[in-house]
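Quick notes on the structure that follows.
The values are calculated or read from the model by the stated rules, or taken from the named source; none is laboratory data. These figures come from a predicted structure and were not determined experimentally. Note that each Cβ is placed from the backbone with ideal geometry, even for glycine, and that neighbours are counted across all protein chains shown.
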Ligand SMILES: *Cc1c(COP(=O)(O)O)cnc(C)c1O
């Protein structure tokens, strides 16, 4: 056989690889060093998007320079920067460069982290990282867990384990409870697992947007009375809307008494465990049977990086273990040498798995827990500062005060007109997206629109906050003028 050209072997020459790699590193360093000078958002409609980026699959390749240039021009220029110091919308992902480089290594060496004998060090790093998370939360010896793509999959995994361990697969009449502030991925996860919609009971939250234990107890007693089988409570530690934390210790007591599974969706809030005094706000979280913790939200990792933790590591194997003849030898080999929990293909949904633990481990090692702890504490402080800036500005009503680095608020017109307040609050997000200097998002609480600011980026400065609050005030006043004028002409 004749030798193939490098291109036909799907590779680049060494010089080209170096040049491409250095060019990309330069781009990333330039971006990370000067993020605040970039617009946060790039509002584009779908039509424009279709115009700028649609093409047939090319039969012949082109130069990497051309493709990288197209990426810069048509992709980079159209993304919102979740790691920008003035991105306060949804739940920001502030990321870090070490984590991004770890991702490059994980992909560059194409590390397959599914079966312990195929990558001993990698499996060990995942086990070690998960054990660090257990310690931070305060979960017992013998707890297990693994890294997954995000909170959606972590919750799905936790609920799948609950179903297997408590129900042994018999889902008839089983009921799961959460508050109406739970993230939608809980109900979606249950749907994927085959539960009918009526098997999830959403209890209306109390005035602090927490799951009310007394109402929950009543609902469960009534369901038992009706012959149903309550089996799981899906609590939230730090709701996406307001940062509210369900009363975890009371729920854990109740679950113990009633033999229920406590799943805690701490995708966002679990990170408060890094600091001792903030951890008190999460008291009881260590008693969860299963727990979701997104490292790409408040542990400064690039997307995708989340962990699902369970109190007994055998539960994962009980749920996900299977056998395949083509892997039998590798398994026998691995049983001799290591705990089954290191064969990650049997601990969760994925078989082929990317080495996500690497970025967590590497950035923890490079920055240290001390820096991470201060970065988390800073998030709390920044939110308290936003709250006081908003109060001082006099144009805003605080709906929920700073908790877990989230503040929610509404526009407060001088005349107190709530319909106008709704309209201004609703349209402010769009006005911010068009402006591009800073970005926050809206949600609904008790049927009315609210703005949310989430301040979990440790690179956000007090000046960023002041300028953002000033900008929002100006945009809101513009909106109010425009809306009042339209009303007047009708
Ligand atoms: C963000 C979030 C999720 C979803 O997590 P992803 O990482 O986006 O998949 C689930 N629950 C809560 C409370 C969240 O904040």
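Of these, 363, 388, 334, which one is modelled with pLDDT under 95 and either out of contact with any strand residue (DSSP E or B) (no Cβ under 9 Å at 6 or more places or on another chain) or in a helix (DSSP H, G or I) (or both)? Steps first, please.
On the way: 363 fails: modelled with pLDDT under 95; 388 fails: modelled with pLDDT under 95.
Exactly one of 363, 388, 334 is modelled with pLDDT under 95 and either out of contact with any strand residue (DSSP E or B) (no Cβ under 9 Å at 6 or more places or on another chain) or in a helix (DSSP H, G or I) (or both), namely 334.
Can you tell me which residue within the range 254-273, out of those that are under 17 Å from the mean Cα position of the chain (by Cα) and in a helix (DSSP H, G or I), is farthest from the ligand (Cβ to nearest atom)?
Top of the filtered list is 273.
Six or more apart or on different chains, Cβ under 9 Å: which pairs go from a residue in the range 253-268 that's over 26 Å from residue 152 (Cβ atoms) and touching a residue at least 40 places away in the same chain (Cβ under 8 Å) to one that's more than 15 Å from the ligand (Cβ to nearest atom) and in a loop (DSSP other than H, G, I, E, B)? Could you list them?
254/260
Between residues in the range 297-317 that are under 12 Å from residue 92 (Cβ atoms) and residues that are more than 16 Å from the ligand (Cβ to nearest atom), which pairs lie under 8 Å by C-beta distance while being six or more apart or on different chains?
From residues that are under 12 Å from residue 92 (Cβ atoms), the pairs are 300/96; 300/363; 300/372; 300/375; 300/458.
Give me the residue from the range 120-150 that is assigned to a loop (DSSP other than H, G, I, E, B) and touching a residue at least 60 places away in the same chain (Cβ under 8 Å) and, out of that set, farthest from the ligand (Cβ to nearest atom).
Within the range 120-150, the match that is farthest from the ligand (Cβ to nearest atom) is 142.
Given the criterion over 30 Å from residue 149 (Cβ atoms), in contact with a helix residue (DSSP H, G or I) (Cβ under 7 Å, 6 or more places away or on another chain), outside any helix (DSSP H, G or I) and touching a residue at least 60 places away in the same chain (Cβ under 8 Å), identify the matching residue among 449, 401, 413.
413
If residue 205 passes every condition in (1) over 13 Å from residue 179 (Cα atoms); (2) assigned to a loop (DSSP other than H, G, I, E, B) but one, which one does it miss?
Of everything listed in (1) over 13 Å from residue 179 (Cα atoms); (2) assigned to a loop (DSSP other than H, G, I, E, B), residue 205 misses just condition (1).
Collect the residues in the range 1-30 that are over 14 Å from residue 68 (Cβ atoms) and surrounded by 12 or more Cβ atoms within 10 Å (Cβ to Cβ), keeping them in residue-number order.
6, 11, listed by residue number.
Name the residues in the range 248-273 that are within 27 Å of residue 455 (Cα to Cα) and crowded, with 20+ Cβ neighbours inside 10 Å, would you?
Hits for the range 248-273 are 248, 263, 264, 265, 266, 267, 268, 269, 270, 271, 272, 273.
Anything in the range 302-325 that is more than 11 Å from the ligand (Cβ to nearest atom) and either assigned to a loop (DSSP other than H, G, I, E, B) or out of contact with any helix residue (DSSP H, G or I) (no Cβ under 7 Å at 6 or more places or on another chain) (or both)? List them, or say none.
If the condition is that a residue be more than 11 Å from the ligand (Cβ to nearest atom) and either assigned to a loop (DSSP other than H, G, I, E, B) or out of contact with any helix residue (DSSP H, G or I) (no Cβ under 7 Å at 6 or more places or on another chain) (or both), then 302, 311, 312, 313, 314, 321, 322, 323, 324, 325 are the ones that fit.
Part of a helix (DSSP H, G or I) and surrounded by 22 or more Cβ atoms within 10 Å (Cβ to Cβ): is that true of residue 277 in this structure?
no
Has the range 224-232 got any residue that is touching a strand residue (DSSP E or B) at 6+ places or on another chain (Cβ under 7 Å), surrounded by fewer than 18 Cβ atoms within 10 Å (Cβ to Cβ) and under 30 Å from residue 92 (Cβ atoms)? I'd like the intermediate steps shown before the answer.
From the range 224-232, those touching a strand residue (DSSP E or B) at 6+ places or on another chain (Cβ under 7 Å) are 224, 228-232; that's our starting set.
Now restrict to residues that are surrounded by fewer than 18 Cβ atoms within 10 Å (Cβ to Cβ): 224, 228-229.
With under 30 Å from residue 92 (Cβ atoms) added as a condition, the list becomes none.
No, the range 224-232 has no match at all.
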